[in-house]
1. In the range 458-515, which residue that is part of a loop (DSSP other than H, G, I, E, B) and of a type in the set (A, V, I, L, M, F, W, C) is nearest to Ile448 (Cα to Cα)?
2. Can you confirm whether the range 398-412 contains a residue that is in contact with a strand residue (DSSP E or B) (Cβ under 8 Å, 6 or more places away or on another chain), among the aliphatic types (A, V, I, L, M), within 30 Å of Lys327 (Cβ to Cβ) and assigned to a strand (DSSP E or B)?
3. Of the residues Thr22, Thr48, which is open to solvent by less than 60 Å² (accessible area, probe 1.4 Å), of a type in the set (Ser, Thr, Tyr), closer than 30 Å to Asp373 by Cα and at pLDDT 95 or above?
4. Of the numbered conditions (1) at pLDDT 95 or above; (2) open to solvent by less than 10 Å² (accessible area, probe 1.4 Å); (3) of a type in the set (A, V, I, L, M, F, W, C), Trp38 satisfies every one except a single condition; which is it?
5. Please name all residue pairs, on different chains or six or more residues apart, with Cβ atoms under 7 Å, provided the first residue is in the range 297-314 and is of a type in the set (S, T, N, Q) and the second residue is open to solvent by less than 30 Å² (accessible area, probe 1.4 Å).
6. Show the residue pairs meeting these rules: Cβ distance below 6 Å; 6+ apart or different chains; first residue within the range 128-157 and aromatic (Phe, Trp, Tyr); second residue outside any loop (DSSP other than H, G, I, E, B) and at pLDDT 90 or above.
7. Looking only at the range 353-360, decide whether some residue is over 18 Å from Ser316 (Cβ atoms) and part of a loop (DSSP other than H, G, I, E, B).
8. Could you list all residues from the range 517-543 that are free of Cβ contacts under 8 Å to residues at least 40 places away in the same chain, over 19 Å from the mean Cα position of the chain (by Cα) and either under 26 Å from Trp292 (Cβ atoms) or not in a helix (DSSP H, G or I) (or both)?
Amino acid sequence: MSRPWQDKYDHPVPEPFTFPETTLDRVLAATAAAHPDWVALSAGDDNTTYAQLDERATRVAHGLRALGIAKGDRVALMLPNAAAYPLAAAAAHKIGAVIVNVGAMTKGPEFAAIARATGARVLVTLDVFLPNVHGALAASGIEHLVLHSVSGLERQLPPPGVPTVPLGDLLRSHPATALPPVAAPEDLALLQMTSGTSGRPKAVKLTHRNIVANLYQIEAFRPVAGAANGAVICLPPFFHVFGFTIGLQLSVLRGYRMVLVPRFDPLAIVPLLALVEKHRPVVSLPGVPALWKVLVKHLEASPAAREMFAAIEMPSCGGAPLPPELKERFHQLTGRRLHEAYGLSEAASTTHMTPVSRPCPAGSMGIPIPGIDARIADLDAPARTVPTGEVGELAVRGPQVMAGYWLAPDATESTSRLRDGWLFTGDLARMDADGFFFIVDRRDDLIITSGFNVYPSEVEAVLKAHPGVADAAVVGVPDPSHGKVVIARVVPREKVELSAAEVLEHCRQRLPDHKVPRRVLVVDEIPKSPVGKPLRRQLRAEG
């Protein structure tokens, strides 16, 4: 296959791409052995070294074994970016168990459905999340609850109905005797929940090999020369694949100091600035577009903040597309390039990145990382690759591509996404003559109205160009005459009186008739996922 992006790498990458055949628990053990005194976790004023993290994880692993948990069993983690998450995750992997990532704010029926579908035997969570799932535990199939109490909330609730053990007891009551490695690279490490393209929650099967491969792909593409044991500000939640791979596991591989942020409001910039100042040198700050949008505004007003962010070696954005003008403004203010990453749960996180030392075309998500092949597939004939510049479905293949879905409700679900070694991402994209890739939209978000294709992102870009619009989301809803029509939601800027009529007129002057929204709704906010993507499926259901 032709790879026009190969000469875009900043340094030679051997072909074929190789990486160690190891497991995540051994990656942690290797870092702890090589750098025992390096700080692994920083939470407030509490620091945990890599040696301490590895030892404590061993104790908890013994505790899980005492509960009857063995290789292949599923352990659900419903935790924020707090010390309990890396501890429980490492402990599960030490005994060959499989992590099930559950969103920290998941509520009863949804949690019970996830637990039953994955066969999770243990739930590890905080007492503050217990009210959300308390009434669903009996129906969930969970056999043991491992609870970390931060406010004593569990004492205010009735008994949860399943045997409960404090996480602290597992730490105190079990030895630190090393456990023989039991997981193999091809074993499952993580079940990552995703709605995929169908809207039904499914569990992506990621092996140790999938995730380790992705770590070394990123390492080969972006070798970081920063200070030893430099800090990573962990904002994306570990229960999301972006936070799990980029925030947690890549930090363990590189021996970074993970600065844990349990809950982050992108509008609350002052606490983030304090973290960056306190934990210098900061080698990496991964975030979502909403964060960088607010940060750029602050940097424009603060020379001191500009100087501080200019020292961050790898500011990066993932989870959703980054507006090109925002990227350029950050570069103007700091002299640093804000690097984008593209990926999905089904590929263990990352498949494309923007090069480090050279500019990327505006709007591009970059080029495939080492070990990845990528092509743009014809929508009607997936085996065919469309010509350069044309829009089709992005398909990728490489060692980090999932092993399929766990007990998918539809037996054809995995085969519809995995065909002849290729993972069909569900994203509409194009590739230019230089091998740079551009996401156009989600395939299931494409609006076909009166036979014309309308990409929501294109209409949203026009809406956001209105001086009174702070945010926008576009969906297609069924229409008997046109098939579908375009519906837009806009959020006005602060202290701006925005009318639907003026927004429509703004669109009419800039878009062909079939792309102009049939209706504009002025709303207070756009519902979004934890990484900042508009929840278009929810918006379509609302009409």
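The values are calculated or read from the model by the stated rules, or taken from the named source; none is laboratory data. These figures come from a predicted structure and were not determined experimentally. Heads up, the Cβs are rebuilt from the backbone with ideal geometry, glycines too, and the neighbour counts pull from every protein chain shown. To get the accessible areas, we keep the full protein, side chains included, count just its heavy atoms, and leave off ligands, DNA and RNA. Shrake-Rupley method; radii C 1.70, N 1.55, O 1.52, S 1.80 Å.
1. Leu511
2. no
3. Answer to the selection: Thr22.
4. (2)
5. Nothing qualifies.
6. Here the result reads Phe129/Met78, each pair linking the range 128-157 to a residue that is outside any loop (DSSP other than H, G, I, E, B) and at pLDDT 90 or above.
7. Looking for residues that are over 18 Å from Ser316 (Cβ atoms) and part of a loop (DSSP other than H, G, I, E, B), one finds none in the range 353-360, hence no.
8. Matches in the range 517-543: Arg518, Arg519, Val520, Leu521, Val522, Val523, Asp524, Gln538.
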